[in-house]
Amino acid sequence: MALMAACFFWAASFIATKTALDNIPPLTVVTLRMVISSICFLLWLLARRKKIKYQGSAWLGRLFLLSLFGTGLHYGIQTIGLEYTTSSNAALYAATGPISIAIIAALFLGERITLKKAVGIGCALLGVLIVMGIDTIMAFELKGRLLGDLLVFTSIFMWGIFTVLGKDMIRQMRAIDLTAIVTFMGTLYMIPVGWIESSRASFSIESITSESWGAVAFLGIACSFLATLLYFFALERTESQKVGVYLYTIPPMNYVISALYLGETIGLNLILGSVIVLTGVYITEKG
């Protein structure tokens with residue numbers, strides 16, 4: 001139940017982001033989302049009476065890098081991308097996270113890519129190209145949906161970097177505590193970024209509609225905080241392979257919600273591409 005709830009929140013996060021973007025600039029959406037999730041994490045740590053020990057400047061510098069790839073840059077690029085592409089496309093690209101992790105681990109950690117993994121990676125990338133549209137890619141006009149797709153895909157690659165870099169840190173502290181710290185750090189530097197964006201766009205917080213506030217609150221509380229809590233709760237109580245299977249439910253759940261709430265059309269290229277992408281991700285994880 002915890003896994004299904006977490007996957008549902010993550011599936012709905014792309015819809016909530018699109019809703020918030022109707023009224024709020026993208027980096028301001030990210031800033032508000034992170035402020036809300038930071039408050040949730042702080043209350044959670046206080047309730048547990050958890051103290052995080054300072055472990056030196058190198059440790060702090062690594063946490064800063066993790067906050068860039070796991071929160072600030074990751075959320076920022078993804079949210080800007082969602083201004084141009086569909087929620088459905090973004091949800092599918094999010095499912096390619098294991099592909100990014102496999103490639104990054106091979107490049108920086110020297111982990112071997114087996115033939116089976118290589119086939120899976122190739123299969124998943126073919127599915128992504130089908131979803132993006134072969135004609136669109138051949139024309140290669142870096143605007144509109146193609147720009148959005150590439151930005152979202154880049155943000156997922158950054159999440160892969162965060163995951164690989166965070167492996168050593170997780171040996172020193174619980175994953176949920178690490179997530180809380182990098183969220184705090186990301187919030188600190190996103191606040192001035194959001195303020196600058198709002199000032200340049202002459203945007204006022206008072207102009208945010210109740211629907212957009214609801215979407216931002218959902219992103220901060222349910223998607224960034226509660227889903228993370230539920231995910232690690234489940235990970236401690238079941239096999240990691242079983243957890244991975246549940247993550248495959250995110251794209252189809254998103255498609256249903258996107259069609260009902262945003263009126264997005266689920267075309268043949270998305271369905272075909274999804275089958276190929278998820279097959280490729282499955283083969284990679286089994287390789």
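All of the numbers you see were taken from the coordinates with simple rules; none came from a lab. Please read all numbers here as calculations on a predicted model, not as lab measurements. Because the Cβ atoms are built from the backbone with ideal geometry, glycine has one as well, and the counts that use them run over all protein chains shown.
Restricting attention to segment 9-89, which trypsin sites (Lys or Arg not before Pro) occupy a DSSP loop and are surrounded by at most 11 other Cβ atoms within 10 Å?
Within segment 9-89, the qualifying trypsin sites (Lys or Arg not before Pro) (loop, at most 11 other Cβ atoms within 10 Å) are 49, 51, 53.
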Taking only the alpha-carbon atoms of the chain, the convex hull volume per residue, in cubic angstrom, is 139
Value of relative contact order over the chain, rounded to a whole percent, pairs C-alpha under 8 Å and six or more apart
45
If you take every residue apart from residue 10 with its C-beta less than 15 Å away from the C-beta of residue 10, what net charge results, scoring Lys and Arg +1 and Asp and Glu -1?
+2
Given 53/117; 18/51; 18/50; 167/286, the pairs whose alpha carbons are separated by over 27 Å:
53/117; 18/51; 18/50
Distance between the C-alpha centers of segment 18-75 and segment 147-207? Whole Å please.
6
